Amino acid sequence: MKDFSTTRSGLVLGIESSCDETGIALFNGRIGVIVAESLHSQILLHAPFGGVVPELAGRDHIKYGLRLIDSTLKSAGISGNEIEAVAYTQGPGLAGALLVGAQLAAALAYAWGKPTIPVHHMEGHLLSPMLADPAPAFPFIALLVSGGHTQLMRVDGVGRYGLLGDTIDDAAGEAFDKSAKLIGLPYPGGALLSRLAANGEETSFAIPRPLLHSGDLNFSFAGLKTAVANEVRHLTGTALPARGAISAPQPILPDDHPRRADLAASIQAAIVDCLVAKSVAALKRTGLQRIVVAGGVGANQKLRESLNRAAEKVGATVFYPPVALCTDNGAMIAHVGALRFAEAKLDYSVNVKPRWDLAELRAPTPCA
Amino acid sequence: MSAVLAIETSSHVGAVCLLRDGVAFKEIVRDNTKLSAWVVPAIDRVLRSAGLSAKALDAIAYGTGPGAFTGVRTACATAQAIAYAVNKPLQAVNSLTALASVFSTAYSSYPQFNWAKEEIKVILDARMSEAFTAGFIRASDKSLRMVSDTALQPIDQITFSENAAVLGSGAVIVARRMKLPEAVVNAITELTYTAENVWAESIARIAAILVAQGDAGIDPLTAEPTYVRNNVAKTEAERAEEARRDTFVRSEESTV
C-alpha cells in the first residue's frame, strides 16, 4: 500500500507551522520511517490570552523554525544536500503562521536545489495512522477530531476522500476547551477536563447530545456549551442575565467545587457519545470495517475506550496514530510529502491557503 | 569577487538585489503583489541574470523592518534559510537605515539644511495612526549615523519644517496633513520613490561594507525581524481589568 518507490534516498523534510506548534521531521519514504523530529509547542505562550494570538504564533514560528530544522538534521546526521524534497503545510491554518514555515521551506529548498511539496494539514492528520503498526489498509473511515475539525471521511486512497459528515458549528476539541474554561480550567483545558473527568460520575448531569438522532452524520457542539454554561450558573447560584442586558459575565466554577469532576465527566461523556454514535453510523452506512481516528482529540482515552467497544460490536477495527502524532507535528507533513513525492516541483512561490477543503484534494499524479 | 544578495519586503514594496563587484542586479515590485509568492522566484531571476547560483554568494542580507509583520518575517525567513543552506554569513540591516542612505547622494537639493546638526528623518506609515521613525546624522564623509533609534509614534504628533531632510511613506502623510506646499509634498514623494527603488541595493551595499570590514554577521539560527510594535494582544487578566474599570466608570456616570 505504501508506495514510496519513486523516491531515491527517500528523505523528505517536513515543516508544520499552521497554528501553535512548530513541527519539523525527517521522514525516510523508502523504508517508511521517521528518521528524526522536533516539536516546539506554543501553549504556554498563548495561555495568558485564553486562545491562540495569530501574530504571536507567527513570531514564535520564526524564532524556532530554523533552529528546529537544524537540530532535526543534526540529530539524524543528515545534510541538506541529502534531502530529496521539502514538504510544508500550505494550509489550512493561520495565514501568518503558515507563511513562516512555507517561506523557510521554499528558501531552503531553493538554496539546496531541491523540489517542494505543499501539503494539506488535515491530510497529514488523516494519513498519520498509517505510521502506526499495524497500519490500516484502504478503504477506511476517518474520524478527524481536533480543535478546528470534526469530520467523518471515507478514504479510498491517498487523495481520494469523500466527506460523510461535518460539524455544523463548533469542533469537538473546541467544545472540550470551551467547556473546560467554564468549569475553571486554564486554557487549553480539554486535556485537563479529561483528567478531571476520571474522578467524576458521567451520569450526574444531563448534558445534551445534539443531532444524535438526526439521521445524518453531522455534529453540533454549540448547544452543549450553552448547557454547560447553564449548569455552571445553576451550581454557582448566578441568575440569568436580565432581559435586555447587553451582557453579563459568565460565572466560572471555582476549582474546589464538589461537583466539578462530575460535571467534567458528564461533558466528556456527551461529546464522546456523539463522536462514537456517528462513527458507528458511518461504518454501517458504508459497510466498511476499518476506522481511523486522527487529530488532537484522538488522544482522549475515554474516546478510545468507547469507540473500541462500539466498533467491536459491529465487527470493525479502530486504528490510531502513535500518540505523539495526535498533536500537530512535522512527521505527518513529511509523511504526506513522501506519499505525494510524484508532485514535487522546483516551485518556490509561496501561496498559503488559510482555508482549504480536504475534499478538493486529488490522488497524487506526476507533474507534467 | 564579491557577491551579496539583499532582500527587503517590509512594506508594500518588494525588492531584491544581487550586488556583484559593485554592480547591482535587481528586481522590484509594488502595490498588491503577494511578496511571499514573489520573493524566492525573484531571487532566482536576479541570480540567473548574473549567472550565479545561491552557493556562489559571499553573504546574504535582509531588511529587518520595522514594517508589516508578515512582510518582515518574509524577508527574515528567506534570508536566514538561504544563508543557512549555503553556509554563508547573514547580515541584518535596519530597513529605515537602508532607506535613509539615499541621502548619501541626494543632498544638493536641500540648500538650507544643516547636515552636521539636523537629523535626517525617515518616517514610515505603520497604519493604526502610527509611524515608524528613525533619525540620522550625515557625517562629512557622507556616511549616516543613526542618532534616534527606531521608534513607533502617533503620526498626528510628528511635524517637520519644509526644508527638512525627510522621506518615507509616513513623511508624505505628515507633509499633507501639515499642508506644506505642494512642491514639498511632491519632492518627498519623489525622493521616497527613489529610495524605495534602491532599497535592497542599499541593504546590499551596507552589508558589503560590513563584510569587507570582516564583520561575521549574525547566526542564521537566531535571526529575527525588528517589530518595534510589540503590544499585539491583551491577556485575559488585562481584559478583565479593563472590563472592571469600564463597569466602574459606567456606574459612576449613572450616579451623576
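Things worth noting here:
- Residue of B:Ser143, B:Ser11, B:Ser95 that the Gaussian network model of chain B assigns the largest fluctuation, springs spanning Cα pairs under 10 Å: B:Ser143
- Of the peptides B:155-163, B:187-195, the ranking by mean beta-carbon count within 10 Å, highest at the top, reads B:187-195, B:155-163.
- Within the full protein context, the accessible area of A:Leu94 is estimated at about 50 Å² for a probe radius of 1.4 Å.
- Residues whose amide H falls under 5 Å from that of A:Ala87, counting only those 5 or more places apart or on a different chain, are A:Leu13, A:Gly14, A:Ile15, A:Ile117, with hydrogens built in the peptide plane.
- Exercise: per-residue mean of other protein chain Cβ atoms within 10 Å, A:45-54: 3
- Mean-position separation - Cα centroids, the range A:196-262 and the range A:19-97, in angstrom: 36 Å
- The alpha-carbon atoms of chain A define a convex hull whose volume equals 144 cubic angstrom per residue.
- Value of relative contact order over chain B, rounded to a whole percent, pairs C-alpha under 8 Å and six or more apart: 22 percent
- Cross-link partners of B:Lys34 among aspartates and glutamates (Cα-Cα below 14 Å; sequence separation of 8 or more within a chain): B:Glu8
- Area of B:Tyr110 that stays accessible when all protein chains are in place (1.4 Å probe, Å², to 10): 40 Å²
- Bridge type composition, chain B - antiparallel percent by DSSP, nearest 5: 75 percent
- Column: log10 I(q)/I(0), Debye, Cα scatterers of the range A:62-202, q = 0.12, 0.14, 0.17 Å⁻¹: -0.73, -0.94, -1.15
- Residue-averaged beta-carbon neighbours from other chains (10 angstrom radius) around A:96-109: 6
- Per-residue SASA remark: A:Trp112, around 20 Å² accessible (1.4 Å probe; ligands, DNA and RNA not included).
- In sequence order, calculated HN-Hα J values of the range B:139-149 (Karplus, 6.51, -1.76, 1.60; Hz; x Gly/Pro): 6, 5, 8, 6, 6, 9, 10, 6, 10, 10, 4
- Carbon and sulfur %, accessible surface of the range B:97-196 computed with the full protein complex present, 1.4 Å: 50 percent
- Rounded to the nearest 20, the Cβ-based charge dipole of the range A:142-185 about its Cα centre (Lys and Arg +1, Asp and Glu -1) stands at 100 debye.
- With every protein chain in place and a 1.4 angstrom probe, the accessible-area ranking of B:Lys142, A:Lys302, largest first, reads B:Lys142, A:Lys302.
- Within the accessible area of the range B:207-246 (1.4 Å probe), percent carbon and sulfur: 51 percent
- For the set B:Asp21, A:Asp70, the ranking by accessible area, highest first and with no ligand, DNA or RNA atoms included, is B:Asp21, A:Asp70 under a 1.4 Å probe.
- Cut-off 15 Å between beta-carbons: net charge of the residues surrounding B:Gln91, Lys and Arg +1, Asp and Glu -1: -4
- Positive-pole candidate from A:Leu108, A:Ala97, A:Gly80, dipole of the range A:1-113, charges at beta carbon: A:Gly80
- For the range B:61-169, Kirkwood radius (reciprocal of mean inverse C-alpha pair distance, Å): 15.1 Å
- Here is the interface size for A with B: some 3000 Å² of accessible area buried, both sides summed, with a 1.4 Å probe.
- Spatial separation of Cα centroids for the range B:147-182 and the range B:15-40, in angstrom: 27 Å
- Accessible area of the protein assembly as shown divided out per residue, in Å², using a probe of 1.4 angstrom: 42 Å²
- Over all distinct Cα-Cα pairs of the protein assembly as shown, the Kirkwood formula returns a hydrodynamic radius of 27.0 Å.
- Rounded to the nearest 500, the 222 nm mean residue ellipticity of chain B from helices alone is -12500 deg cm²/dmol, with -39,500 (n - 2.57) taken per DSSP H run of at least 4 residues.
- Shape call, the range A:204-282: gyration tensor on alpha carbons, a/c limit 1.5: oblate
- FRET efficiency for B:Lys55 and B:Glu182, using Cβ-Cβ distance with R0 set to 41 Å, rounded to 0.05: 0.20
- Listed by chain and number, the lysines whose C-alpha is less than 23 Å from the C-alpha of A:Lys284, apart from same-chain residues fewer than 8 away, are A:Lys302, A:Lys313.
- Sequence-distant lysines (8 or more away, or on other chains) whose Cα lies within less than 28 Å of B:Lys142: B:Lys26, B:Lys117, B:Lys121
- Rounded to the nearest 20, the Cβ-based charge dipole of the protein assembly as shown about its Cα centre (Lys and Arg +1, Asp and Glu -1) stands at 840 debye.
- Using alpha-carbon coordinates, inclination of helix B:69-86 to the longest axis of chain B, degrees: 30 degrees
- DSSP-defined beta bridges in the protein assembly as shown - what % are antiparallel, rounded to 5: 65 percent
- Per residue, the average separation of C-alpha pairs within less than 8 Å and at least 6 apart gives chain A a relative contact order of 25 percent.
- Our summary gives the range A:186-334 a relative contact order of 27 percent, counting only alpha carbon pairs under 8 angstrom and 6 or more residues apart.
- For the residues of A:55-63, the average number of beta carbons from a partner chain within 10 Å of their own beta carbon is 4.
The values are calculated or read from the model by the stated rules, or taken from the named source; none is laboratory data. In this text the structure is predicted, and so the values were computed from the model without any measurement. Please note: Cβ atoms are built from the backbone with ideal geometry, for glycine as well, and neighbour counts cover all protein chains shown. Areas reflect the complete protein model, heavy atoms only, side chains present, ligands, DNA and RNA absent. Shrake-Rupley method; radii C 1.70, N 1.55, O 1.52, S 1.80 Å.
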